[in-house]
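Asker: Mind looking over this structure? Questions follow.
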Amino acid sequence: MRIEPVNENTCMVYFGDQIGAESAGLVKRATNSLRRDMSDIIIDLVPSYTSILVTWDLEQADRFAITRRLRAAVDAPDSSSAGEESSRIVELPVYYGPEAGLDLDDVCEYSGLSRDEVVRIHSEPSYQVYAIGFAPGFAYLGSTDERIAIPRKSTPRLKVPTGSVGIAGTQTAIYPSPTPGGWQIIGRTPQKMIDWESESLARVQVGDQVRFRPISRSEFIELGGNLDEL
């Protein structure tokens, strides 16, 4: 673990340099420990691929005190069960039809695969949540099969519909709200990705596993999906 200051009451806690399941697991466990043991002093935590951005109450501790407490909290025995840490799987229904898969044909052309093959390859694995950003609830998931990995769009859309599922390189993600974006959109989920009751506002958390379940157009509508949003 490496701690580097950002400003007078913010620091970055690093858990390695390689993006992967091991780093994501360390970040998740450390985030849980800090929320549990340092809630009296921490103002905000922002977990990412291999690090956590920590903001604390400067009236409660200086940089040296916070460093000591961070190390103690991270090194403390984990009171939660290992099963709870590793087994949370979130299933998200996804409609991959033409109204929702705005760039699916482009992915097919780039990969040389059929629409059914792209959908099957995308929906078969479980994806790990590596980071939350750039908007509340936007989860970066990895890793996408190399057969359907495709670069971002050269010209981003001014508005990506809520719930859109996209691919960029070897990552996949869900747009929780209508925002500009350059990911290749292959489907849409009716599931709301912003959870106003959670501390992070995100339906999924760093370290969770996400699985995509292909659904029909009628099921998408029944589950509250909206195909009119552009």
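Asker: For the chain, what does -39500 (n - 2.57) per DSSP helix run (n ≥ 4), summed and divided by total residues, give at 222 nm, in deg cm²/dmol to the nearest 500? Display every interim value, and only then the final one.
Answerer: Working: 6 runs with 58 residues, N = 230.
Taken over the chain, the calculation gives -7500 deg cm²/dmol.
Asker: How large is the direction-averaged shadow of the alpha-carbon convex hull of region 88-136, in nm²?
Answerer: Working: hull surface 18.9 nm².
Averaged projected hull area, Cα only: 4.7 nm².
Asker: After finding the eigenvalues of the alpha carbon gyration tensor for region 2-85, what semi-axes result from the square roots of 5 times each, listed largest first in whole Å? List each step's numbers first, then the result.
Answerer: Details: eigenvalues 88, 46, 19 Å².
Working through the eigenvalues yields semi-axes of 21, 15, 10 Å.
Asker: Mind pulling the angle between the C-alpha long axis of helix 63-75 and the longest principal axis of the chain? Nearest 10 degrees, somewhere in 0 to 90.
Answerer: Once rounded, one gets 70 degrees.
Asker: In whole angstrom, how far apart do the alpha carbon centroids of region 37-54 and region 150-222 sit?
Answerer: 25 Å
Asker: Loop-only chymotrypsin sites (Phe, Trp or Tyr not before Pro) in region 161-224, please: DSSP not H, G, I, E or B, and at most 16 other Cβ atoms within 10 Å. The partial results should precede the final answer.
Answerer: Numbers: sites: 183, 196, 212, 220; in loops: 183, 196.
Here the chymotrypsin sites (Phe, Trp or Tyr not before Pro) that fit, given the DSSP loop and packing criteria, are 196.
Asker: Please compute the contact order of region 88-222 in relative form: average sequence separation of alpha-carbon pairs under 8 Å and at least six residues apart, divided by the residue count, as a percent. Don't skip to the end; give the middle numbers.
Answerer: On the way: 323 pairs, mean separation 49.2, N = 135.
Over region 88-222, the number comes to 36 percent.
Asker: When you count, for each residue, the other Cβ atoms within 10 Å and take the mean per peptide, how do 4-15, 92-103 rank with the highest first?
Answerer: Numbers: 4-15: 15.3, 92-103: 20.4.
Ranking the peptides 4-15, 92-103 by packing returns 92-103, 4-15.
Asker: If the elastic network links every pair of Cα atoms under 10 Å, which of 124, 59, 109 fluctuates the most in the Gaussian network model of the chain?
Answerer: Maximum fluctuation in the GNM of the chain, among the listed residues, is at 59.
Asker: Taking only C-alpha pairs under 8 Å that are 6+ residues apart, what is the relative contact order of the chain in percent?
Answerer: 21 percent
Asker: On to the next question. Taking a quarter of the surface of the convex hull around the Cα atoms of region 90-186, what do you get in nm²? Let's see the in-between values first.
Answerer: Numbers: hull surface 22.4 nm².
If I average the Cα hull's projected area over directions, I get 5.6 nm².
Asker: Under 8 Å for C-alpha pairs, at least 6 residues apart: give me the relative contact order for region 139-193, rounded to a whole percent. Each step should come with its number before you reach the end.
Answerer: On the way: 125 pairs, mean separation 21.2, N = 55.
This gives 39 percent for region 139-193.
Asker: Specify the angular offset, from 0 to 90 degrees and rounded to the nearest 10, of the alpha carbon long axis of helix 21-37 from the longest principal axis of the alpha carbons in the chain.
Answerer: Once rounded, the angle reads 50 degrees.
Asker: Would you mind getting the Kirkwood hydrodynamic radius of the chain from its Cα pairs, rounded to one decimal in Å? All intermediate terms of the calculation are to be shown ahead of the outcome.
Answerer: On the way: mean 1/r = 0.0534 Å⁻¹.
Across the chain, the inverse of the average 1/r is 18.7 Å.
Read-outs throughout are calculated quantities, based only on the coordinates presented, and are distinct from any laboratory measurement. Note that this is a predicted model, so its numbers are computed, not measured. Please note: Cβ atoms are built from the backbone with ideal geometry, for glycine as well, and neighbour counts cover all protein chains shown.
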